[in-house]
1. Let me confirm something: among R162, R143, which residue is surrounded by 14 or more Cβ atoms within 10 Å (Cβ to Cβ) and under 21 Å from Y69 (Cα atoms)?
2. From the list S193, S203, S270, which one is in contact (Cβ under 8 Å) with a residue 24 or more places away in the chain, surrounded by 13 or more Cβ atoms within 10 Å (Cβ to Cβ), under 20 Å from Y69 (Cα atoms) and not β-branched (V, I, T)?
3. Scan the range 61-119 for residues that are of a type outside the set (A, V, I, L, M, F, W, C) and within 16 Å of the ligand (Cβ to nearest atom) and report the count.
4. Determine which member of the set R18, R14 is of a type outside the set (A, V, I, L, M, F, W, C) and away from the ligand (no atom under 16 Å from the Cβ).
5. Going residue by residue through the range 62-73, is there one that turns out to be open to solvent by 70 Å² or more (accessible area, probe 1.4 Å) and of a type in the set (V, I, T)?
6. Taking only the range 16-35 into account, find how many residues are free of Cβ contacts under 8 Å to residues at least 40 places away in the same chain and not aliphatic (A, V, I, L, M).
7. Only residues that are modelled with pLDDT of 95 or more, in a strand (DSSP E or B) and not hydroxyl-bearing (S, T, Y): list them for the range 152-206, please.
8. Return only the number of the condition from (1) touching a residue at least 24 places away in the same chain (Cβ under 8 Å); (2) part of a loop (DSSP other than H, G, I, E, B) that Y210 does not satisfy.
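The values are calculated or read from the model by the stated rules, or taken from the named source; none is laboratory data. These figures come from a predicted structure and were not determined experimentally. As a convention, Cβ positions derive from the backbone with ideal geometry for all residues, glycine included, and neighbour counts pool all protein chains shown. Accessible surface areas use protein heavy atoms only, side chains included; no ligands, DNA or RNA. Shrake-Rupley method; radii C 1.70, N 1.55, O 1.52, S 1.80 Å.
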Amino acid sequence: MTKTLDRVVGIMERAHGRDISVYDEVFLQKTLEKRLVATGIGNPSAYGEYLLVNGSEAEALSCSLSISYSEFFRNQLTCALLEQLILPGILATKEKKGRGEIRVWSAGCASGQEAYSVAILLDELVADRGKHAVTFRIFATDRSEHELESARQGVYDFAAVRNVRHKHLQKYFTARGDAFQVVDRLKKQVDFSVHDMLDERLSCPSESIYGDFDLVFCGNLLFYYRPEVRHFILNKICHCLTPGGYLVTGEAEKEIVTRHECFRGIVPPSAIFQKNVPRGTT
Ligand SMILES: C[S@@+](CC[C@H](N)C(=O)[O-])C[C@H]1O[C@@H](n2cnc3c(N)ncnc32)[C@H](O)[C@@H]1O
């Protein structure tokens with residue numbers, strides 16, 4: 001870590017009680033450069049002095065480190081594979097076992113687009129089979145209460161729903177002026193709650209009680225963190241997944257997951273991975 005970065009991390013910890021050492025070094029450096037421009041200070045050493053005595057700058061730096069951009073049906077290949085292969089496969093396994101529940105976790109769900117996207121796919125799938133023996137439940141978590149509140153509202157502007165198929169827009173959204181609101185029936189399938197992926201005390205979101213997820217989404221979150229923190233998050237997900245369960249990440253995070261011993265790629269080059277099944281249990 002450069003001297004300047006080291007100093008900023010130290011000031012954030014000691015003067016403002018915020019641990020930003022968990023973030024990836026390149027990401028931290030770029031964010032710091034943006035703050036130097038935004039504050040007009042330019043000089044890293046003067047920025048350190050400013051940050052030391054300025055709580056609002058500490059807040060602004062923390063906010064710049066929290067990226068919350070999301071999209072409905074964000075990646076075409078991932079969504080096609082989920083719709084045609086992964087979700088029907090999970091459903092078939094549950095049906096074989098008799099009555100059951102498909103359990104999904106959207107970790108770092110931001111304002112809910114990912115959770116509602118998979119809710120739409122699952123709702124269509126379950127209805128298509130004409131059977132309601134198998135139900136589904138989606139636990140969607142984020143560390144930001146602000147993002148979760150917006151997810152619970154489920155109101156999106158026209159640009160945000162551009163990837164949603166017309167028939168899904170008609171079926172799962174209600175037009176509200178210039179905006180679209182997710183219908184209550186779909187909202188009821190998604191349980192939004194706070195969970196910090198770095199929390200060492202909780203291995204799964206408390207609302208889910210025991211985890212045992214068939215599918216976990218953790219997209220566009222891992223790459224903001226340092227390698228050891230990414231490893232910790234992947235261990236947590238591995239612990240919460242049922243053997244043979246699936247993990248979906250962002251496109252830029254495929255390499256990170258490939259290096260983790262718990263997962264294997266299933267349809268390269270997609271960002272969908274499967275939890276390894278212990279030998280002798282297949
Ligand atoms: C860039 S958004 C990604 C949203 C969605 N997963 C997607 O791929 O479109 C990252 C989200 O992860 C959340 N996040 C970042 N670090 C987190 C952590 N340690 N625990 C829980 N949520 C976290 C942020 O608040 C933000 O809402």
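1. On the way: R162 fails: surrounded by 14 or more Cβ atoms within 10 Å (Cβ to Cβ).
Testing whether each residue is surrounded by 14 or more Cβ atoms within 10 Å (Cβ to Cβ) and under 21 Å from Y69 (Cα atoms) leaves just R143.
2. Numbers: S203 fails: under 20 Å from Y69 (Cα atoms); S270 fails: under 20 Å from Y69 (Cα atoms).
Of the residues listed, the single one that is in contact (Cβ under 8 Å) with a residue 24 or more places away in the chain, surrounded by 13 or more Cβ atoms within 10 Å (Cβ to Cβ), under 20 Å from Y69 (Cα atoms) and not β-branched (V, I, T) is S193.
3. Let us first name the residues in the range 61-119 that are of a type outside the set (A, V, I, L, M, F, W, C), namely 62, 64, 66, 68-71, 74-76, 78, 83-84, 88-89, 93-101, 103, 106, 108, 111-114, 116-117.
Now narrow it down to the ones that are within 16 Å of the ligand (Cβ to nearest atom): 62, 64, 66, 68-71, 74-76, 78, 106, 108, 111-114, 116-117.
Qualifying residue count for the region: 19.
4. Working: R18 fails: away from the ligand (no atom under 16 Å from the Cβ).
The match here is R14.
5. Going residue by residue through the range 62-73, those that are open to solvent by 70 Å² or more (accessible area, probe 1.4 Å) are 63, 67, 69.
Still in the running and of a type in the set (V, I, T): 67.
Yes, that holds for at least one residue.
6. Step one: list which residues in the range 16-35 are free of Cβ contacts under 8 Å to residues at least 40 places away in the same chain, which gives 17, 19, 26, 28-35.
Filter once more, so that each one left must be not aliphatic (A, V, I, L, M): 17, 19, 29-31, 33-35.
Qualifying residue count for the region: 8.
7. Answer for the range 152-206, where residues must be modelled with pLDDT of 95 or more, in a strand (DSSP E or B) and not hydroxyl-bearing (S, T, Y): V155, D157, F173, A175, A179, F180, Q181, V182, V190, D191, F192, V194.
8. It fails just one condition, (1).
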